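The values are calculated or read from the model by the stated rules, or taken from the named source; none is laboratory data. This structure is a prediction, so every number in the text was calculated from the model and none was measured. Cβ: placed from backbone, ideal geometry, glycine included. Neighbour counts: every protein chain shown.
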Amino acid sequence: MSCPQRIRRAVVPVLLIAALLAPAGAAWAVDPVFSTFFGGAIRGYDPVAYHTEGKPVSGKRAHRVEWKGATWSFASAENKALFEGDPEKYAPRYGGYCAWAVSNGGTASIDPDAWTIVDGKLYLNYSLGVREQWSQDIPGNIAKADVNWPKLLAGD
């Protein structure tokens, strides 16, 4: 028996048992902040810079803070201090997941260049194309996402 066959014989029964033990219709709660293994929250970009500089700026290792289970990076000590003073003001909505995806009941990663600030709040999107779709009905998409986000966090 080859190695892949042995692995398959060992793994398949475990997966079947897990599937049988999971409650019907069970959903997985999402992490409260979108982060990557290497890049941290919002791919290592500085959330304050979107507000203060009007553009995405990469954060630096020297200016990091842990918040909501994720590592946030900042371009400067000043930006880090602003965030620490009021993280809810600067953090992107929906934990930094794609706002359009959340408005549609799911989650997706983000492109740091696909961003919008609405009423002082930062919204990120999967891509520039998705941001274009999201922008066609910003108030409606925000209203839907505001309803969906707590459900996604709870795993509903």
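Miscellaneous remarks
- The single residue among 91, 49, 62 that is of a type outside the set (D, E, K, R) and farther than 26 Å from residue 133 by Cα turns out to be 62.
- Close Cβ contacts (under 6 Å, 6 or more residues apart or on different chains) running from residues in segment 67-93 that are not assigned by TED's automatic domain parsing to the domain that holds residue 123 and among the small types (Gly, Ala, Ser) to residues that are surrounded by fewer than 22 Cβ atoms within 10 Å (Cβ to Cβ) and assigned to a loop (DSSP other than H, G, I, E, B) comprise 70/33; 75/57.
- Segment 41-56, residues that are in contact with a Phe, Trp or Tyr (Cβ under 7 Å, 6 or more places away or on another chain), surrounded by 20 or more Cβ atoms within 10 Å (Cβ to Cβ) and not in a helix (DSSP H, G or I): 41, 46
- Residue match in segment 96-103 (condition: within 17 Å of residue 57 (Cβ to Cβ), in contact (Cβ under 8 Å) with a residue 40 or more places away in the chain and of a type in the set (Gly, Ala, Ser)): yes
Yes or no, residue by residue, for (1) more than 18 Å from residue 43 (Cβ to Cβ); (2) aliphatic (A, V, I, L, M); (3) part of a helix (DSSP H, G or I); (4) modelled with pLDDT of 95 or more:
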position: 64; (1), (2), (3), (4): no, no, no, yes
position: 72; (1), (2), (3), (4): no, no, no, yes
position: 81; (1), (2), (3), (4): yes, yes, yes, yes
position: 94; (1), (2), (3), (4): no, no, yes, yes
position: 113; (1), (2), (3), (4): no, no, no, yes
position: 117; (1), (2), (3), (4): no, yes, no, yes
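- Meets criteria (at pLDDT 95 or above and over 18 Å from residue 115 (Cα atoms)) for residue 85: yes
- All positions within segment 116-134 that are surrounded by 15 or more Cβ atoms within 10 Å (Cβ to Cβ) and touching a strand residue (DSSP E or B) at 6+ places or on another chain (Cβ under 9 Å): 116, 122, 123, 124, 125, 126, 127, 130, 131, 133, 134
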